[in-house]
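**Student:** Below: one structure in structure tokens.
The values are calculated or read from the model by the stated rules, or taken from the named source; none is laboratory data. Just so you know, these numbers come straight off a predicted model, no measurement behind them. All Cβ positions, even for glycine, are placed from backbone atoms using ideal geometry, and neighbour counts span all protein chains on display. All accessible areas refer to the heavy atoms of the entire protein, side chains included, with ligands and DNA or RNA removed. Shrake-Rupley method; radii C 1.70, N 1.55, O 1.52, S 1.80 Å.
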Amino acid sequence: MAKSFFSLNQKLYNLLDWFIPPTIRLSANNQDLLRRARLLVGNSLFIGISSLMWSAGFKEQLKGLEPLATILPIFFLVMGLANLALPFILQKTNAYKILAVIHVLLNFLSMVFFVFLTGGITSPNLFIMGIIPLLAMMLLSTRVTLFTMVLSLLAIFGFRMLGVVELIEIPTEQLDDFRAMAAAMGTLALAIIALFFESGRKRNQNQLETALKNLQVSNEKLQQANQEAQIATKAKSEFLANMSHEIRTPLNGIIGIAGLLSSTALDQEQQEYGQIIQSSGDALLEIINSILDFSKIEAGRLELEEEPFDLRQSIEDALDLITPKATSKGLELGYSADRQIPEFFLGDVTRFRQIMLNLLGNAVKFTERGEIMVFVTGEEVGNGRYQLHISVKDTGIGIPADRIDALFQSFSQVDSSTTRRFGGTGLGLAISKSLAELMGGKMWVESEAEKGSTFHFTVQLSTMPLEEPAHYLQPEQPELWHKRVLILDDNTTNRHILNQQMVGWGMSCVEAASAEEALTLLLAGETFDVALVDEQMPATSGLQFARLVHQQFPATPMSLLLMTSLGQRTQDKKNLFDDFLTKPVKPAFLHGALQEVLSSKHLAPQATHQPELTAFAPTNHAVRILLAEDNRINQQVGLRMLEKLGFQADLAINGAEVLETLTIQPYHIVLMDIQMPEMDGIAATRQIHERFGEQRPYIIALTANALAGQRETYLEAGMDDYLSKPIKLESLHQVLQKAVEAVNAPAKNLFQES
Ligand code: ADP
């Protein structure tokens, strides 16, 4: 039964759809419009046909009842034809809305007319006016419904005011016919409306139920897929973690043995191969460590330590590690941390430093010129916890906007040529971001291609309140109060950072971007207690500036502090400046240096950590030492150690350069590496003996060959003493002490300065 009803329904739809233009029929996302169009067509056909039938019927029935007998049939004829025309017009024009309005108005007018003719307020058809708003609602909008409702009400009250219309005395018989007809029409119309709504509601409900069912099914599938993915990820991460661990064990063996191997007797080629094994091993270890970290994080197995650490110290340590590379690229480094941030926090310092090193390492890697700046700010977030915000800003190659989103994904680099050009695994940022998140923070980046990038991260840590913060973090700084400082640096950010720092200590600062600017200030009579001078500036260097100050203002009480990158602290510099600060300038050191030069300027600056070694220092600066060493790192280490012992030294990178340098000026002591390219230490020593004879310097061999019996070989070759690498400060001190005594012996007579 229901089935046949539905197939009938379908046939009816097919008939109606014949009038509906394809744009409406086939529009999948506007089913509602299709339903309305069907109603419009159906209603028009129904009213049209029934009106024609009534027109014929009335002619018969109302015979003799003029004028009704003439007017009513014509009226129904016109109505019928007009209604029948609507579906055809719709088929041709697609103008649904206008046609629906015409349909509603047509029916409204015909109802008014019909009621008027059949007796006005006494017409048995009056109630039919109420159907018009219903029709408007089904075909059009709420607005049109309200409008037609007002129209219908006005019509009803109009009839009331008009009173009884008596065009004709209708016999009871006809009156009953009218009543029956109106009631039948009303019933039909209301039933159609009810059916229309019910079918719409049913369809919606069916659709909703199907959609819900589909949703449930896909939800279940999704959940299952998600679970499977999680299990797979976990398994993958555990596999990676296990594998990395397994790989690390033999790798440690390789690196360890390579290290031992290079300390045995090897020729130069073998030594180089050993070094390659070692550095490749180190690189591989780094990659494996990254993968291990990453898989631990993914598997949710990374646990953070909780131990007290000095925030500033850990940031400065990270900066120290990248300083050599940044300096060798000529980059400016700067660092500022808000003074109110506490000193000590509880947290995982290793992981914190790992994030810092990743960001700083990337900044150095991707920056060719300009500066790298670190800014630290923070705020209390309650419960003794602090939110730190650290930003690392560079002026490097930057990151194109469309690549920023992919940046923190694992194994992702901005473009694949990065790996070829810069190396790296693309894991660093993914790990750092996860670490920051594990520490209750987040990580993000702002960047512009070719301009540079700023990486930000936050972490939330518990503070460790101390009774009293370090001196340089205290607000009261009586020694520095109101002292005037001249800041001379060509880098704007650095000047700004130093300025803020010192103003925070109650000092007053004046900035100069060049030596010329600074000299103009001094010539104009400005006076300062201390000048902070950058070593490397484009036009006039810091050293030249200091010389000019000493020449032009010999009596000035102004102290001079040199800010230098990892340069040598030559005697020249020591004569020109009161103290040195290594860049990036750390607040604690700056504070210490300022205090020292401002309070005890005239005391000898002797306070270093190893008094027993430096007791030896004051006479040392007269001794000239030449360090012959080809390895850059060893050069730095050697120079640093010599400096610590109070010596000043120059560099030569191989035997040939030693000979060349010695012909230009004499040296008291040569620290001679044995293995050097071009001319090795032994050949150079023989040549020195030949060329300089008695006037030769004291020669100390530096060797990585720790084997016994070698000492004799070197002494035979004409060397005076020997030191084995890695050189320890203590043994260097001892050997040099002996050397100084030897060169001071009158026989050698080497102390006459040329
Ligand atoms: P990688 O080990 O390759 O350096 P990271 O996850 O640390 O891995 O960095 C991913 C990529 O993000 C880098 O290869 C580089 O393309 C880009 N990137 C990171 N830091 C910077 C930066 N400071 N400037 C420009 N590009 C950067």
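**Student:** Condition (residue is modelled with pLDDT under 85, within 22 Å of residue 269 (Cβ to Cβ), assigned to a loop (DSSP other than H, G, I, E, B) and not basic (Lys, Arg)) applied to segment 677-693: is it met by at least one residue?
**Tutor:** yes
**Student:** Just one of 283, 326 is assigned to a helix (DSSP H, G or I), within 31 Å of the chain's Cα centre (by Cα), among the aliphatic types (A, V, I, L, M) and surrounded by fewer than 13 Cβ atoms within 10 Å (Cβ to Cβ); which is it?
**Tutor:** Being assigned to a helix (DSSP H, G or I), within 31 Å of the chain's Cα centre (by Cα), among the aliphatic types (A, V, I, L, M) and surrounded by fewer than 13 Cβ atoms within 10 Å (Cβ to Cβ) holds for just one of 283, 326, which is 283.
**Student:** Among (1) open to solvent by 10 Å² or more (accessible area, probe 1.4 Å); (2) away from the ligand (no atom under 16 Å from the Cβ), there is one condition residue 437 misses while meeting the rest; what is its number?
**Tutor:** So the condition that residue 437 fails would be (2).
**Student:** With the requirement that a residue be aliphatic (A, V, I, L, M), within 19 Å of residue 348 (Cβ to Cβ) and touching a residue at least 60 places away in the same chain (Cβ under 8 Å), what does segment 279-305 give you?
**Tutor:** Of everything in segment 279-305, those that are aliphatic (A, V, I, L, M), within 19 Å of residue 348 (Cβ to Cβ) and touching a residue at least 60 places away in the same chain (Cβ under 8 Å) turn out to be 297, 299, 302, 304.
**Student:** Can you name every residue in segment 350-372 that is among the aromatic types (Phe, Trp, Tyr), within 12 Å of the ligand (Cβ to nearest atom) and part of a helix (DSSP H, G or I)?
**Tutor:** Residues satisfying the conditions do not exist here.
**Student:** Another one. Is one or more of the residues making up segment 405-413 polar (S, T, N, Q), touching a residue at least 24 places away in the same chain (Cβ under 8 Å), open to solvent by 40 Å² or more (accessible area, probe 1.4 Å) and out of contact with any strand residue (DSSP E or B) (no Cβ under 6 Å at 6 or more places or on another chain)?
**Tutor:** yes
**Student:** Before we move on, is residue 31 in contact with a Lys or Arg (Cβ under 9 Å, 6 or more places away or on another chain) and open to solvent by 70 Å² or more (accessible area, probe 1.4 Å)? Give the steps one after another, and end with the answer.
**Tutor:** Working: in contact with a Lys or Arg (Cβ under 9 Å, 6 or more places away or on another chain): yes; open to solvent by 70 Å² or more (accessible area, probe 1.4 Å): yes.
Yes: the conditions hold for residue 31.
**Student:** Another question, if that's okay. Of these, 376, 459, 392, which one is near the ligand (Cβ under 9 Å from one of its atoms) and at pLDDT 95 or above?
**Tutor:** Checking each option against the conditions leaves just 392.
**Student:** Further question: Out of 160, 179, I need the residue that is more than 30 Å from residue 95 (Cβ to Cβ), among the basic types (Lys, Arg) and at pLDDT 85 or above. Which one? Before the answer, list the steps.
**Tutor:** On the way: 179 fails: at pLDDT 85 or above.
After ruling out the rest, the residue left standing is 160.
**Student:** To continue, here is another question. Got a sec? Which of 65, 45 is buried (at least 17 other Cβ atoms within 10 Å of the Cβ) and not in a helix (DSSP H, G or I)?
**Tutor:** Working: 45 fails: not in a helix (DSSP H, G or I).
Sole residue among the options that is buried (at least 17 other Cβ atoms within 10 Å of the Cβ) and not in a helix (DSSP H, G or I): 65.
**Student:** Same structure again: Looking only at residues that are in a strand (DSSP E or B) and either of a type outside the set (Ser, Thr, Tyr) or within 16 Å of the ligand (Cβ to nearest atom) (or both) in segment 379-389, which one is surrounded by the most Cβ atoms within 10 Å (Cβ to Cβ)?
**Tutor:** Applying the filter and picking the extreme gives 388.
**Student:** Within segment 674-692, work out how many residues are in contact with an Asp or Glu (Cβ under 7 Å, 6 or more places away or on another chain) and open to solvent by less than 10 Å² (accessible area, probe 1.4 Å).
**Tutor:** 2
**Student:** Considering segment 700-754 alone, what residues qualify as being in a helix (DSSP H, G or I), modelled with pLDDT of 75 or more and over 17 Å from residue 641 (Cα atoms)?
**Tutor:** If the condition is that a residue be in a helix (DSSP H, G or I), modelled with pLDDT of 75 or more and over 17 Å from residue 641 (Cα atoms), then 713, 714, 715, 716, 741, 742, 743, 744 are the ones that fit.
**Student:** May I ask you to say which residue of 659, 671 is modelled with pLDDT of 90 or more, farther than 22 Å from residue 571 by Cβ and open to solvent by less than 30 Å² (accessible area, probe 1.4 Å)?
**Tutor:** After applying the criteria, what remains is 659.
**Student:** Among the strands (runs of 3 or more DSSP E) confined wholly to segment 502-603, which include 2 or more residues that are modelled with pLDDT under 90?
**Tutor:** 579-582
**Student:** Now for a separate question. Just a yes or no: is a residue in segment 336-349 of a type in the set (D, E, K, R), open to solvent by 10 Å² or more (accessible area, probe 1.4 Å) and part of a strand (DSSP E or B)?
**Tutor:** Scanning segment 336-349 turns up no residue that is of a type in the set (D, E, K, R), open to solvent by 10 Å² or more (accessible area, probe 1.4 Å) and part of a strand (DSSP E or B).
**Student:** So, one more: Of the residues 209, 228, 220, 198, which is within 17 Å of residue 38 (Cα to Cα) and of a type in the set (Asp, Glu)?
**Tutor:** On the way: 209 fails: within 17 Å of residue 38 (Cα to Cα); 228 fails: within 17 Å of residue 38 (Cα to Cα); 220 fails: within 17 Å of residue 38 (Cα to Cα).
Selected residue: 198, the only one of 209, 228, 220, 198 that is within 17 Å of residue 38 (Cα to Cα) and of a type in the set (Asp, Glu).
**Student:** Could you say which residue among 16, 12 is open to solvent by less than 20 Å² (accessible area, probe 1.4 Å) and not in a loop (DSSP other than H, G, I, E, B)?
**Tutor:** Only one candidate qualifies: 16.
**Student:** Pairs needed: first member in segment 428-456, more than 15 Å from residue 399 (Cβ to Cβ); second member anywhere, basic (Lys, Arg); C-beta distance under 8 Å; at least 6 residues apart or different chains.
**Tutor:** From residues that are more than 15 Å from residue 399 (Cβ to Cβ), the pairs are 435/351; 436/442; 438/351; 439/351; 442/433.
**Student:** I'd like the full set of residues that are surrounded by 15 or more Cβ atoms within 10 Å (Cβ to Cβ) and either in a loop (DSSP other than H, G, I, E, B) or polar (S, T, N, Q) (or both), limited to segment 463-474.
**Tutor:** Once the filter is applied, which keeps residues that are surrounded by 15 or more Cβ atoms within 10 Å (Cβ to Cβ) and either in a loop (DSSP other than H, G, I, E, B) or polar (S, T, N, Q) (or both), segment 463-474 yields 463, 464, 469.
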